[in-house]
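One structure is given below, encoded as structure tokens.
The values are calculated or read from the model by the stated rules, or taken from the named source; none is laboratory data. Small disclaimer: the values here were computed from a predicted structure and weren't measured. Positions of Cβ are backbone-derived with ideal geometry, glycine not excepted, and every protein chain shown enters the neighbour counts.
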Amino acid sequence: MKVLIIDDNESITEAVKDFFEFENIECKIVNEGRLGLSEIENQKFDLILLDIAIPSYTGIDILNELKRQRIEKQKIIIFTASVFKSEQIDDFLEIGVKEVLTKPISLDKLEYIKQKYLKT
Amino acid sequence: MILIIPLIIGSIIITSILSLQNISGVRAKFYDIFELSGIQLMNKLSIEVNEIAEDLSRLSTNPILANSPTPINYQITLLQRQINLNNSEYLAVSVYDKNGTAIIDTSDESPGENVLQEEFFKQALAGEPYFDKNPDEIAYNQTGFHFSAPIYDSNKVIKSIMDLEVSINFINNVFNNTLFHDETKNSSLYFISRLIHNDGSVIYATTQQNDPQVTNGQHNLNLPLPGNPIADYKKRNSQDSILITVPESENAKGYRSDGNWTLLLDGNLSTVMSDYNNTVKGFLISSILILVIAVVITIIAVRKITSPITHLKNSALELSKDNFSKEIMVEGLNEVKDLSISLEVMRRNIESSKKNLIRKVRERTRDLERANEELRTKEFQVNSINNELRISNRAKEEFLSMISHELKTPITPMKLYIEMMQKGNKSENLNEFQRKALTIMHRNILKLETIIDDIFTVYKLELNSFPINKEITNIVDFVENNMSGLSPLMKDKNIMFISIVNATGSMFCDPVRISQVLFNLVNNAVDHVPEQGGEITIRVDEEDVSTSKMSFKDNDNKHSRSVIFTVEDNGIGIQPENIDGLFKKFYQIDTGLRRKFGGTGLGLAICKGIIESHGGKIWIDSSYRNGASFKFSLNSY
């Protein structure tokens, strides 16, 4: 099992990584948009946690690029502080956006994700 | 007034017709008189002729002439005496033998002429007395007639012919005694009387000297004698003349003649009729005059009364059509003039007030336009200010959002790590101090989060950009969910937390926000109840809203009701002097309390904002003495 977290806040990504590693789930951290995209292009993750508000190359840019490249059937959870409209999810269903969760990331939300998407 | 005019005209016409009928009646009367006189005249004439015929008969049968061989001289003397005895009109008597040679002639004129070819001789020779009705030149160069008769001898054989020459004066004598005599022409009746032979020649005329057509008895009068005189003379009648024909009466018998006489009476009625005509004319003229006067009066009446009134009517009509500009000037009778003047005064008043009105309206319009212009400027200014405000609001909102996010972001990893450390198996490795530190850190992080959220919420409420998503919410379920959600707060102080729901059905609200309100109120209560024996009650009551308070929005509610939520505690309560400022931002009763009870002082302000966004009310029940009692109302559904 391998999770990818893309968020510019290093403390958050570190905390998330620790959470998953305590649960014996491998977690890859990326703190920059373009790097995140290339990670997705290069390997297959069991789950991708994607922050929308990343400076310079945003989560939306990544999603659009994935759509353009027809890299589909991923498992992506979007985290956003602002309201993300349901129509916007519809645009990225094919890529594999499963759910939109509001920030801040909490332990409860991580537990919920683990239970729902990472059960062996 | 106008009705009288046709009456006058009608009566004039009727009287005219009646008088004209009378004129023809007068004419008929005249005619009857003249015809009767004419018939009498002709009768007289016949009597005269008959007398002459009798004289002739007596002479011709005189035995002296017929039988006895009396000497001629004696015979002449006899005849002359006879003529003188009978009638002076007998000019002469002649006796002719069968050869036409005169035997005896009383006129002493030479009887050398042979009368064999004369009509009177030939007729008498045929054996009957004869009257030659065409006048001829007879003895003494006079005009007269031949009366001839055969003289028989004792053997009843014609021996000789006797000729009695009668002057035309005998007709004159007859006429002289009648209406138609010359001398009567000075009177008002003037007649030309002519005796006409049926061959057309005029035998006698009463006014020969005045008649250009007749200079002597022989002149032909080109008046054709009618075959049917009665029918014809009527046609000849004119207004001033009467033409009457009277044929010779038929009792003149005992002799033959060469025709018949007819009396032609040609009467000039002009003198008779003129008086009458003058009367009629005068009458007619006066009728016409009256008629003309009537017409003139009518015209004047129309001019003086009707026309001014019509003029006035038209003027009034103009006024009724809102046309006040035309001056009203009507000349006429006093009353009409007075009316006209009143109308004119009225028109001027109306016109001037209309002008005033128009001027005022114009002024007002100008003022209004100016005011409008100002308003537009103001509106523009307001709009631009509004726009600026909106932009600034949005900027504020964005700024707040950014601040909130930026403040919360560092908290996230802190909170994550603390929670991870506190969690299950990992916490086992911690000592008492570490565990305490983590608990305090965690509690403060949560408080910090609440403060950030509250600040954000209260400002959003103030900017009116706080989203409220109303839905139909079951009251019982809602209270139940909140009770279980709020229970953890009671753990630390072991507070008795109960709910009393006296309402059923639903309410229309944003359950998340109302939960937030309940959380704030309950959280406050938790802070204020005593450490031991704390009690917090959530009560829900239904309340009828009196109809006078009903708004239109609530009309679809068959029974408009509101739901009252009450959060009561047995804490220290609120002093009445502190109630007023309680719902203000950052308000706390005193600094000491703040230290004791914590809190941002934003909770109640948020509650107020949320409840008011729902159209409800929030207040403190000051009558509650056991602690604090917060109440808010919502519309039930």
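Of all residues in the stretch A:82-120, count the ones that are within 14 Å of chain B (Cβ to nearest Cβ), charged (D, E, K, R) and within 19 Å of A:Glu23 (Cβ to Cβ).
Selection size over the stretch A:82-120: 4.
Looking for something part of a helix (DSSP H, G or I), in contact with a Lys or Arg (Cβ under 9 Å, 6 or more places away or on another chain) and within 22 Å of A:Ala81 (Cβ to Cβ) - is there at least one such residue anywhere in the stretch B:462-477?
Checked the stretch B:462-477: at least one residue is part of a helix (DSSP H, G or I), in contact with a Lys or Arg (Cβ under 9 Å, 6 or more places away or on another chain) and within 22 Å of A:Ala81 (Cβ to Cβ).
Report yes if some residue within the stretch B:390-407 is within 60 Å of the chain's Cα centre (by Cα), among the β-branched types (Val, Ile, Thr), farther than 30 Å from A:Glu14 by Cβ and more than 14 Å from chain A (Cβ to nearest Cβ); otherwise report no.
The answer is no, given that none of the residues of the stretch B:390-407 is within 60 Å of the chain's Cα centre (by Cα), among the β-branched types (Val, Ile, Thr), farther than 30 Å from A:Glu14 by Cβ and more than 14 Å from chain A (Cβ to nearest Cβ).
Could you say whether any residue in the stretch A:66-88 is within 12 Å of the chain's Cα centre (by Cα), among the β-branched types (Val, Ile, Thr) and over 18 Å from A:Asp46 (Cα atoms)?
There is at least one residue in the stretch A:66-88 that is within 12 Å of the chain's Cα centre (by Cα), among the β-branched types (Val, Ile, Thr) and over 18 Å from A:Asp46 (Cα atoms).
Kindly check whether there is at least one residue in the stretch B:36-47 that is under 50 Å from the mean Cα position of the chain (by Cα) and surrounded by 13 or more Cβ atoms within 10 Å (Cβ to Cβ). Please lay out each step first, then the result.
Kept after step one, since they are under 50 Å from the mean Cα position of the chain (by Cα), are these residues of the stretch B:36-47: none.
No: zero hits.
Return yes or no: is A:Gln74 at pLDDT below 90, farther than 22 Å from B:Lys408 by Cα, buried (at least 17 other Cβ atoms within 10 Å of the Cβ) and more than 14 Å from chain B (Cβ to nearest Cβ)?
So A:Gln74 fits the description; yes.
Going through the stretch B:395-417 one residue at a time, which ones are without any contact (Cβ under 8 Å) to a residue 12 or more places away in the chain, more than 18 Å from A:Thr102 (Cα to Cα) and surrounded by 13 or more Cβ atoms within 10 Å (Cβ to Cβ)?
Result: B:Tyr417, single match.
Mind checking which residues of the stretch B:411-455 are part of a loop (DSSP other than H, G, I, E, B) and within 11 Å of chain A (Cβ to nearest Cβ)?
B:Lys423
Could you give me the residue pairs with C-beta distances under 8 Å whose first residue belongs to the stretch B:313-338 and is surrounded by fewer than 15 Cβ atoms within 10 Å (Cβ to Cβ), whose second residue is small (Gly, Ala, Ser) wherever it lies, and which are 6+ apart or on separate chains?
B:Lys326/B:Ser315; B:Met329/B:Ser340
Being surrounded by 21 or more Cβ atoms within 10 Å (Cβ to Cβ), aliphatic (A, V, I, L, M) and more than 11 Å from chain B (Cβ to nearest Cβ) is the filter here; which residues of the stretch A:1-36 pass it?
Matches in the stretch A:1-36: A:Val3, A:Leu4, A:Ile5, A:Ile6, A:Val30.
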